[in-house]
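Chemist: If you scroll down you'll find the structure; I have some questions about it.
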Amino acid sequence: MKALIFEGPGRKTLKDRNIPVIDSATDAIVRMTKTTICGTDLHILKGDVPSCTPGRILGHEGVGVIEQVGAGVTQFKKGDSVLISCISSCGKCEYCRRGMYSHCTTGGWILGNTIDGTQAEYVRIPHADTSLYPIPDGADEDALVMLSDILPTGFECGVLNGKVQPGGSVAIVGAGPVGLAALLTAQFYSPAELIVIDLDENRLQAAKRFGATNTIRATGEEAKQRVFELTENKGVDTVIEAVGIAPTFELCQEIVAAGGVIANVGVHGFKADLHLEKLWSHNIAITTRLVDTVSTPMLLKTVRSGKIDPKQLITHRFKLDDILDAYDTFSKAADTRALKVIIEAV
Ligand code: NAD
Ligand code: ZN
């Protein structure tokens, strides 16, 4: 089968690989129909994620059809259409019992990281019963690809951790697919201000269409000043960091209001300064989270009922054969206007 292989920082190839086989009774083999590329895949290619070693098939998102199940799988059978969660979970370990699937002792974020992922014709899914979701008849598969990772990530790591409240003020730093997913799902809670900060005008225009009350095309000191102008010099109650670099995490510390929350979503490859000399007296909280995907069933219902339309995030389509072009397009978003790309495996 064809698969996109991480060959070490800065290097990737499309190669032939053996089709995966069942390794444990709880595994399923899924024939991929659609996958996509995440900002996290770009972090891996930058060398920010040392747990992902050369030779790995990348990808942790997508939908497909069950090809084969292990003897212990009871919820799925050959031929079922499934949504793949970016987080694999056994459902039984201490962390899973606490709803912290991201830290499952035999799962978590392993797909396209410590085991082979979804940017291939087939993928092996461990703990299939608790890591896959059945796709309802008639559901829009393109929209569902957005549910593998970015919608639960924006919602859980950004909106829930950030304690977005009715009437509150929110700033989202980074208008990539994850920042935009936070923007869509923050609106469940009717905040008064939804400010989106990025350097990419096209993404800020998308943010406007998706419900931002204000956009700021700046970073650093200039972005801080604009946020203060928009918030009576108070800063915002919730700041969501959706970039994953030190300067944007530091900007979040500058614009959080007293009593507010900084919800970090970005994957960071380097240390960032924490200005406790300013923040110790500000009654703020800082949260971090690897997405647990506990909200996936709820988000599925909001998509099916039309409360949110994640399909708006899709800008480009490619065949698996052209996945190198898809990476090129996604990584040069400022020029290509890409948000989320769909890669069709068949
Ligand atoms: P992306 O790379 O598409 O988007 C990042 C955005 O940040 C871009 O729009 C870019 O223009 C903007 N940006 C870059 N530098 C900036 C600056 N100095 N100031 C303001 N904006 C700036 O990535 P994405 O797919 O949207 O993912 C966002 C982050 O979330 C990544 O770090 C990704 O790894 C992370 N992530 C985390 C989890 C988790 O479980 N915590 C899950 C998925 C993704
Ligand atoms: Zn991801």
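Chemist: Scan segment 211-225 and give yes if some residue there is open to solvent by less than 30 Å² (accessible area, probe 1.4 Å), within 16 Å of ligand 2 (Cβ to nearest atom) and either touching a His at 6+ places or on another chain (Cβ under 8 Å) or not assigned by TED's automatic domain parsing to the domain that holds residue 306 (or both), otherwise no.
Modeler: No, the conditions are met nowhere in segment 211-225.
Chemist: Kindly indicate whether residue 232 is outside the structural domain of residue 89 (by TED's automatic domain parsing), away from ligand 2 (no atom under 16 Å from the Cβ) and surrounded by fewer than 15 Cβ atoms within 10 Å (Cβ to Cβ).
Modeler: Yes; evaluated as a whole, the condition is true for this residue.
Chemist: Wholly within segment 40-147, which strands (runs of 3 or more DSSP E) include no fewer than the required count, namely at least 2 residues that are open to solvent by 30 Å² or more (accessible area, probe 1.4 Å) and at negative phi?
Modeler: Those strands (runs of 3 or more DSSP E) span 62-69, 122-125, 132-134.
Chemist: Filter segment 308-346 down to the residues that are open to solvent by 60 Å² or more (accessible area, probe 1.4 Å) and either touching an Asp or Glu at 6+ places or on another chain (Cβ under 9 Å) or touching a residue at least 40 places away in the same chain (Cβ under 8 Å) (or both) and list them by number.
Modeler: Within segment 308-346, 309, 311, 312, 317, 319, 321, 324, 331, 334, 337, 346 qualify.
Chemist: From the list 283, 264, which residue is outside the structural domain of residue 145 (by TED's automatic domain parsing), surrounded by fewer than 20 Cβ atoms within 10 Å (Cβ to Cβ) and touching a strand residue (DSSP E or B) at 6+ places or on another chain (Cβ under 7 Å)?
Modeler: 283
Chemist: Of 105, 118, 114, which residue is free of Cβ contacts under 8 Å to residues at least 40 places away in the same chain and assigned by TED's automatic domain parsing to the domain that holds residue 50?
Modeler: Just one listed residue meets the conditions, 105.
The values are calculated or read from the model by the stated rules, or taken from the named source; none is laboratory data. A quick note: this is a predicted structure, and the numbers were derived from the prediction, not measured. For neighbour counting, all protein chains shown are included, and Cβ atoms are generated from backbone atoms with ideal geometry for every residue, glycine included. In case anyone asks, the SASA skips ligands and DNA or RNA and just uses the protein heavy atoms, side chains included. Shrake-Rupley method; radii C 1.70, N 1.55, O 1.52, S 1.80 Å.
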